[in-house]
Amino acid sequence: METSGDPSATRARYRQLLEEHRAATGAELTANRASATPGGERPGFGKRAGDYVAQVVDDRTNNQVADALAAILEAIEAALGRLEDGTYGICPDCGEAIGEDRLQAVPWAPRCLRCQAVADRGPGLTFGRTGPG
Ligand SMILES: [Zn+2]
């Protein structure tokens, strides 16, 4: 007996959730990049050095935020791809279903909580860098 309702309705719900996150994250990334100073730009004589330092620090923070947003966008795209091929919600490492609580909180989560913790502790910084194939 089904306890979680129509699976295709569940997929449609997650697809909508992912598309909303993709739109919001994409808009945030665009705004973030627009506010960053293009590389090589220097302050004019009218500006004090302190202002320039603040600007550089600000840019660095912006770049880190942009990187994080880009990684999330990539993960959202990958999750939408998994929805298409029917592997969405299945942890590729242990083959178990990813908990619904986790998918509600992080719809683009590629792994179950346990395997993600292992991956985060693993050697190297491989999060979101699995590449094509
Ligand atoms: Zn797992």
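Points to keep in mind about this one:
- Any hit, the range 105-114, residues being in a helix (DSSP H, G or I) and either touching a Leu at 6+ places or on another chain (Cβ under 9 Å) or of a type in the set (V, I, T) (or both): no
- Hits in the range 51-110 (condition: under 30 Å from A34 (Cβ atoms), within 16 Å of the ligand (Cβ to nearest atom) and touching a residue at least 60 places away in the same chain (Cβ under 8 Å)): A79, W108
- Scoring A75 on the criteria (1) at pLDDT below 95; (2) touching a Phe, Trp or Tyr at 6+ places or on another chain (Cβ under 7 Å) leaves a single failure, condition (1).
- When the range 71-87 is filtered for residues that are outside any helix (DSSP H, G or I) and of a type in the set (G, A, S), only G86 remains.
- Only one of R33, R82, R60 that is modelled with pLDDT of 90 or more and charged (D, E, K, R): R82
The values are calculated or read from the model by the stated rules, or taken from the named source; none is laboratory data. Keep in mind that this is a model prediction, so the values were computed, not measured. Using ideal geometry, Cβ is built from the backbone for each residue, glycine included, and neighbour counts are taken over all protein chains shown.
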